[in-house]
Amino acid sequence: MKTSQTGVASGSAQKSYYPWVVVGLLWVVALLNYMDRQMLSTMQQNIAADIPALQKAEMFGALMAIFLWVYGIASPFSGAVADRVSRKWLIVGSLGVWSGVTYCMGYCTDFHQLMWLRGIMGISEALYIPSALSLIADYFTGKGRSLAIGLHMTGLYCGQALGGFGSLVATTWSWQATFHWFGIIGVAYALVLIWVLHEKPGHELRSAAAADKGKAKMGKESLWQSLAVVFTNIAFWVILFFFASSSIPGWATKNWLPTLFHDNLNISMDWAGPMATLTIAVSSFIGVMIGGPISDRWVKRNVKGRIYTSAIGLAMMIPALVLIGIAHNAVLSVAAGLFFGIGYGMFDANNMPILCQFVSSRQRAMAYGFMNSVGVIMGAITTQLLGGLAEKVGLGMCFAFMGVILVVALVLQLVVLRPKYDDKDEELALAADTEEL
């Protein structure tokens, strides 16, 4: 019976349209991933009415920061796990746990309960991104990879935007009911994924082969061997640097752009918040839809096509950040935000595809886990630093300075990264064939 079920799953996974089904299924998970973590930030006043400790900005900041720190620390380990076990079950389990945590948050009566649950959510959500992007990258070996990964990332953007309406939902019903219902929706969707989401054929076979000494070359390396392969690769360090560099303005726009619009444009937060979040979310979606197809076509003619597409996105973000920082006009501010979002979408759609050019499928989830970890930790540091620098030098100057950091990242990206193939596995397979001859 087990063999029959496995055969059905493999058959479904091998259908030509199924890779796009995977993208659609995981898009919903990505939306829930960001929405469940984001809506707490908009429901502070609602929750503080029942849990007075959250009325203090310091306590609320600690509650938000614990998620980022736990998420950042757990990400590399979650990636290493994803390289060695079924990513399907990691995704299902991750979604089920963080949705269960979201449900339980509706029963919290004090600050410490919220802190523990946010920490558990950080661990469970960290398991998702490396597994999901690695799975999509394996399903799209070649054409469509940037577009597929970019489309998946738009789920995160939409989740972030929808999470901003948490306060409205909580006011309409209650913050407890809001947590309960979104938790129930996530758990129900995890049950659906058990039946319709399939692992890429061959992934688990490669993991099992590691136990066969006669097939050691086909198997997975040990954790330490995988770490050595990744961290002795200079290209990975460059990718890690420009990913971390872009995370600084990325998190700054998430957490501080509404405040900057409020200060620079003299408008209320009721308008500044939606203006900032929707501007970035919509334009990032446009950037993905532009950058994904361009990258997938360009790489067919030039193996550095993905790098050039990503570099165009980075180059667009630089002047946009400067203009965001110095503009005191609503039209210019929104235009700069749109320009930044388009560039960020083009860049974001190509991070995993570029990583695939330099890192084998054996280490991709782990490598992206480290990237995700550094990005989130940079976000936590940036969020705290901007809070202290806002009064000293002004948020506008901070945003403008971020453009300088991206200039360094852009130069390194263009000068150092020189891929030989669009997929590192192609290079390794060719080298193996040459060795046998």
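Considering only C-alpha atoms, what is the centroid distance from segment 360-407 to segment 248-276, in Å? Between the Cα centres of segment 360-407 and segment 248-276 lies a distance of 17 Å. Once both labels are positioned 7 Å from their Cα atoms along Cα-to-Cβ, the gap between THR109 and ILE381 label points is 4.1 nm. Taking the accessible area of the chain, probe 1.4 Å, and keeping the other protein chains in place, the carbon and sulfur fraction comes to 69%.
Checking the table LYS143/LYS254; LYS143/LYS420; LYS254/LYS420; LYS200/LYS254; LYS88/LYS254 against a 26 Å threshold on Cα-Cα, which pairs fail? Display every interim value, and only then the final one.
On the way: LYS143/LYS254 31 Å; LYS143/LYS420 17 Å; LYS254/LYS420 36 Å; LYS200/LYS254 33 Å; LYS88/LYS254 29 Å.
Pairs exceeding the cut-off: LYS143/LYS254; LYS254/LYS420; LYS200/LYS254; LYS88/LYS254.
Compared with the dominant principal axis of the Cα atoms in the chain, helix 2-14 is inclined by about 70°. Counting only heavy atoms of the protein chains and using a 1.4 Å probe, GLU125 has close to 0 Å² of accessible surface. The angle separating the long axis of helix 111-126 from the principal Cα axis of greatest extent in the chain is about 30 degrees.
Using the Cβ-Cβ distance between ALA48 and ASN233 with R0 set to 56 Å, the FRET efficiency from 1/(1 + (r/R0)^6) comes to roughly 0.75.
Taken per residue, the accessible surface of segment 300-412 reaches 35 Å², heavy atoms only and a 1.4 Å probe.
Between ASN329 and TRP271, the contour length at 0.36 nm per residue exceeds the Cα-Cα span by 19.4 nm.
The length gained on full extension between VAL196 and MET59, counted as 0.36 nm times the residue separation minus their Cα-Cα distance, comes to 45.2 nm. With the whole protein complex present, ARG297 retains an accessible surface near 150 Å², based on a 1.4 Å probe. With axes computed from alpha carbons, what is the tilt in degrees of helix 305-326 against the longest principal axis of the chain, rounded to the nearest 10 within 0 to 90? In the chain, helix 305-326 runs at an angle near 10 degrees to the longest axis. Once the Cα-Cα distance is subtracted from the 0.36 nm per residue extended length, the GLN225 to ILE286 segment shows a gain of 18.0 nm.
The simple spin-label model puts a point 7 Å past each Cα toward its Cβ; for LEU389 and VAL407 those points are separated by 1.5 nm. Ordered from longest to shortest, the equivalent ellipsoid semi-axes for the chain are 35, 28, 18 Å, each the square root of 5 times a Cα gyration tensor eigenvalue.
The values are calculated or read from the model by the stated rules, or taken from the named source; none is laboratory data. Everything numeric in this text was worked out from a predicted model, so none of it was measured. Glycine also receives a Cβ, built like all others from the backbone with ideal geometry; neighbour counts cover every protein chain displayed. The protein model used for the area step is the full one, side chains on, heavy atoms only, and it has no ligands, DNA or RNA in it. Shrake-Rupley method; radii C 1.70, N 1.55, O 1.52, S 1.80 Å.
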